[in-house]
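Right, one structure below, let's go through it.
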Amino acid sequence: MAMNFNILPMQTEHTRSIAGIEQQCFGKNAWSQNSLDYQLTNDCAYFFSAVSDNGEVMGYAGSHIMIDECYVDNIAVALAFRGNGIGKALTQRLIENARQKQCAFISLEVRVSNVTAAVLYERLGFVLVGKRKNFYSHPTEDALIMTLYFSK
């Protein structure tokens, strides 16, 4: 059964749920609710929530844009809602936002072991541009650097 959800700009009422999703997905590396709340007032930050028809936050994605460069901070979907296209929709919203802001590219890091996400990003047009050795902790792991370039 397909899940109904909307991608909305992140709101104050979403940050507590998002902090919980962060904890579930990233453990010791999770962003705190305070860090998420701060992003609401950060002019460089663009954060979006995936919200179900009944108001439940199912996932979120965030990026920062500096001049014409877009860097993805996190894309996370609650374990209970994975496999429903939420991660794809959130990633597409970040791409759309970067295009609207006339960025030259959007770039992200993904754990080498997160093959599902890497394949999704590749399908959305990202290309592998490098690796960061031991980028992640808990556990220590290399990151793939993937970038989607926009033609001017």
> Which net charge results when you count Lys and Arg as +1 and Asp and Glu as -1 among the other residues whose beta-carbon is under 13 Å from that of Phe126?
Replying inline: 0
> Over region 5-149, what is the percentage of antiparallel beta bridges among all DSSP beta bridges, to the nearest 5?
Replying inline: 90
> Is the shape of the chain best called rounded, prolate or oblate, per the rule: a/c under 1.5 gives rounded, else a/b larger than b/c gives prolate, else oblate, with a ≥ b ≥ c the square roots of the Cα gyration tensor eigenvalues?
Replying inline: rounded
> Using a Gaussian network for the chain with springs between C-alpha atoms less than 10 Å apart, which of these wobbles most: Ala76, Ala50, Ala104?
Replying inline: Ala104
> Where the centre of each part is set by its Cα atoms, how far does region 36-67 sit from region 91-152, in angstrom?
Replying inline: 17
> Label points 7 Å out from Cα along the Cβ direction at Ser113 and Phe150: separation in nm?
Replying inline: 3.4
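Determine the relative contact order of region 62-120: mean sequence separation of Cα pairs under 8 Å and six or more apart, normalised by residue count, in whole percent.
39
Under the rule of -39500 (n - 2.57) per DSSP H run of 4 or more residues, summed and divided by the residues of the chain, what mean residue ellipticity at 222 nm is obtained, to the nearest 500 deg cm²/dmol? Spell out each step's value before the answer.
Working: 4 runs with 43 residues, N = 152.
One gets -8500 deg cm²/dmol as the mean residue ellipticity at 222 nm.
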> Going by how many other beta carbons lie within 10 Å of each one, how would you line up Cys25, Cys44, Cys103, Cys70, fewest first?
Replying inline: Cys44, Cys25, Cys103, Cys70
> Of the residues Leu36, Leu124, Leu90, which exhibits the maximal mean-square fluctuation in a Gaussian network model of the chain defined by a 10 Å Cα contact cut-off?
Replying inline: Leu124
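What does the charge add up to near Gly59, with Lys and Arg as +1, Asp and Glu as -1, over the other residues with Cβ less than 14 Å from its Cβ?
0
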>> Looking at the chain as a GNM with Cα springs under 10 Å, which of His64, His14, His138 has the largest mean-square fluctuation?
In response: His138
> Once you sort the root eigenvalues of the Cα gyration tensor of region 3-42 as a ≥ b ≥ c, which label holds: rounded (a/c under 1.5), prolate (a/b larger than b/c) or oblate (the other case)?
Replying inline: oblate
>> Just want to confirm a number: the relative contact order over region 5-149, from Cα pairs under 8 angstrom separated by 6+ residues, in percent.
In response: 18
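No lab work stands behind these numbers, since they all come straight from the coordinates. Predicted model only: the values in this text are computed from it and were never measured. Please note: Cβ atoms are built from the backbone with ideal geometry, for glycine as well, and neighbour counts cover all protein chains shown.
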